[in-house]
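Okay, so here's the structure we're looking at.
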Amino acid sequence: MSFESFIKVNKTISNSYVEEWKKQGKKIVGYYCSYIPEEILVSGGILPFRMRSVEAEGTSRADTILSRFNCSFVRASLDLAMQGKYNFLDGLVVMNSCDHARRMYDIWKYKIIGKLEGIEENFGLFFISLPHIITERGYNWLLEEFTFFKENLEKTYNITISEENLKTAIKTLNENRKLLKEIHKFRILDKPKLNGVEALKLNIATTATPKEISNQVLSSYLQSLKDREGISDYRARLLITGSLIDDPTFLKIIEDVGGLVVSDLLCFGVRNFWDLTPETGDPLESITKRYYEKISCPRMMDDHDRRFKFLQELIKEAKVDGVIGTRIEFCDLNGCECMLYEHELEDLNIPMLSLDRDYFVGDKGRFKTRFEAFIEQIE
Ligand code: SF4
């Protein structure tokens, strides 16, 4: 797979590699949240495919099922499914990540599977329940959930997942994360070798292509970065956090007015690759430990302090001048989190811009004005 076709993956839902994978008769299972254990899917020879909403132009179909008082990212992804854009999937894993995404389990069960052309009755639908606080009891709960998920996959697709398969998958996923962490180091240089748009495109592509392929592309890309000229014509070094961003054009608005997004705390970004899975001990226990204790999402209620400490480390290592926090309407988890960050960063004299938005970028002018004013304030 060439770098050019890899970096374009972010623009569309399906891609040439998904088509090739299907031609080989192999399974693809979609998932909504970065807490879904990709290792378990990969160990079963299944392609994990992160649900996105890029290509959506509206939510008119989805709104006939899911009220407009729901996250527009989730509604847009449902609208695409109702258009048949996700017909290449053989299954879907949903988690209680937030009150919006979790609805997808019921909606696919009662409104999509066997009702929509191309999504047949034998479509695999899985639910994983993740505790909201980090405790020993919670860890055992999640280990049970992941074990059940593995067994459910084996039954649904008539496959066997051995300990060796799991250990191999852990190595493959860790290699992918290590490559993304190495690339991140080139992003935080005084003269970064890549901008935020490119970094997000890479991260998205790794969630929509087989890890073995993305590892090949990322390792040759990493080599190419060493000879690349650094970026110096920017006005402010920015970190972006808040609700999910799966469309790089949103970051382009910031970078077109002179901001450079040198870091992020996003679930399609740093939060997705920062933590490795231990390669020793029982593989299912190691996978559970990694996902349960990784840099958390605001859905983990008792873990804000650890997230804020990590945010400060990211700000320090990347010499960030200002933070941008965005909240998709009705995304209460990130709304509360950004509000807390705003107060905490004020005490540290680090400027933060908090913005409410819809999933659809729409009126770019409004954002352009806000970002320009924020960058001027920092300058
Ligand atoms: S953006 Fe917020 S509301 Fe939407 S799926 Fe993510 S966490 Fe849930």
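Structural remarks
- According to the Cα-based calculation, Rg over Rh for segment 158-220 is 1.09, with Rh computed by the Kirkwood formula.
- Gain upon complete extension [Asp282, Asp106; 0.36 nm per residue less C-alpha separation]: 60.1 nm
- Cα gyration tensor, segment 11-161 - rounded (a/c under 1.5), prolate or oblate: oblate
- Contour excess over end-to-end distance, with Cα ends at Arg370 and Glu151 and 0.36 nm allotted per residue: 73.9 nm
- Residues Glu117 and Asp275, FRET efficiency given R0 of 51 Å [Cβ-Cβ distance, rounded to 0.05]: 0.80
- Interchain or long-range residues, amide H under 5 Å from Arg327's placed H: Ser243, Leu355, Asp356, Arg357
- Partner lysines whose Cα lies under 24 Å from the Cα of Lys252, excluding those fewer than 8 positions away in the same chain, are identified as Lys8, Lys11, Lys181, Lys185, Lys191, Lys193, Lys201, Lys226, Lys316, Lys319, Lys364, Lys368.
- Separation of alpha-carbon centers, segment 229-292 and segment 30-95, rounded to whole Å: 20
- Packing-based order for 2-11, 45-54, using average beta carbon neighbours within 10 Å, highest first: 45-54, 2-11
- For segment 182-194, 3J(HN,Hα) per residue [Karplus equation, 6.51 cos²θ - 1.76 cosθ + 1.60, θ = phi - 60°, Hz, x = Gly/Pro]: 5, 5, 4, 4, 7, 7, 9, 5, 4, 10, x, 8, 8
- Distance from segment 118-167 to segment 312-370 (C-alpha centre basis), Å: 34
- Expressed as a fraction of 2.2 N^0.38 Å, the C-alpha radius of gyration for segment 159-292 is 1.15.
- Loop-located trypsin sites (Lys or Arg not before Pro) in segment 301-379 (DSSP state not H, G, I, E or B) with no more than 15 neighbouring Cβ atoms inside 10 Å: Lys319.
- Charge sum, other residues only, whose C-beta stays under 15 Å from Met51's C-beta, Lys/Arg counted +1 and Asp/Glu -1: 0
- Space enclosed by the convex hull of the alpha-carbon atoms of the chain, per residue, Å³: 129
- Förster-model FRET efficiency, 30 Å R0, Asp332 and Lys191, C-beta, rounded to 0.05: 0.20
- Under 5 Å from the amide H of Gly124 lie the amide H atoms of Gly91, Leu92, each residue being 5 or more positions distant or on a separate chain, with H modelled from the backbone and absent for Pro and chain starts.
- Karplus-derived 3J(HN,Hα), 6.51/-1.76/1.60, for each residue of segment 321-329, Hz, glycine and proline x: 8, x, 10, 10, x, 10, 10, 6, 3
- Over the chain, Cα pairs under 8 Å with separation of 6+ residues give a relative contact order of 19 percent.
- Listed residues Leu41, Leu311, Leu225, most fluctuating in the chain (Gaussian network, C-alpha, under 10 Å): Leu225
- Shape class of segment 217-329 from the Cα gyration tensor (axes a ≥ b ≥ c, square roots of the eigenvalues): oblate, since a/c reaches 1.5 or more and a/b does not exceed b/c.
- Pairwise label distance in nanometres, Gln24 with Met301, each label 7 Å out on the Cα-Cβ vector: 4.4
- Ordering 341-348, 96-103 by mean Cβ neighbour count within 10 Å, with the highest value first, yields 96-103, 341-348.
- Stretchable slack from Asp63 to Phe308, in nm (0.36 nm times residue separation minus alpha-carbon distance): 84.6 nm
- Choice from Met352, Met104, Met301 with maximal GNM fluctuation in the chain (Cα, 10 Å cutoff): Met301
- Sorting 71-80, 28-37, 140-149 by their mean Cβ neighbour count within 10 Å, with the most densely packed peptide first, gives 71-80, 28-37, 140-149.
- For segment 198-214, 3J(HN,Hα) per residue [Karplus equation, 6.51 cos²θ - 1.76 cosθ + 1.60, θ = phi - 60°, Hz, x = Gly/Pro]: 5, 4, 5, 4, 5, 4, 5, 4, 6, 9, 10, 9, x, 4, 4, 5, 5
- Among Asp282, Asp303, Asp246, the largest mean-square fluctuation in a Gaussian network model of the chain, built with springs joining Cα atoms closer than 10 Å, belongs to Asp282.
- Tail fraction, Cα-Cα pairs, segment 123-194, threshold 16 Å, whole percent: 68
- Residues of type lysines that Lys111 reaches as a straight line, Cα spacing below 21 Å, ignoring anything fewer than 8 places off in the same chain: Lys85
- Expressed as a whole percent, the accessible surface of the chain that belongs to carbon and sulfur atoms is 50, based on a 1.4 Å probe.
The values are calculated or read from the model by the stated rules, or taken from the named source; none is laboratory data. Just so it is clear, the model here is predicted, and its values are computed rather than measured. In this analysis, Cβ positions are derived from the backbone assuming ideal geometry, glycine residues included, and neighbour counts consider all displayed protein chains. For accessibility, only protein heavy atoms count, side chains too; no ligands or nucleic acids. Shrake-Rupley method; radii C 1.70, N 1.55, O 1.52, S 1.80 Å.
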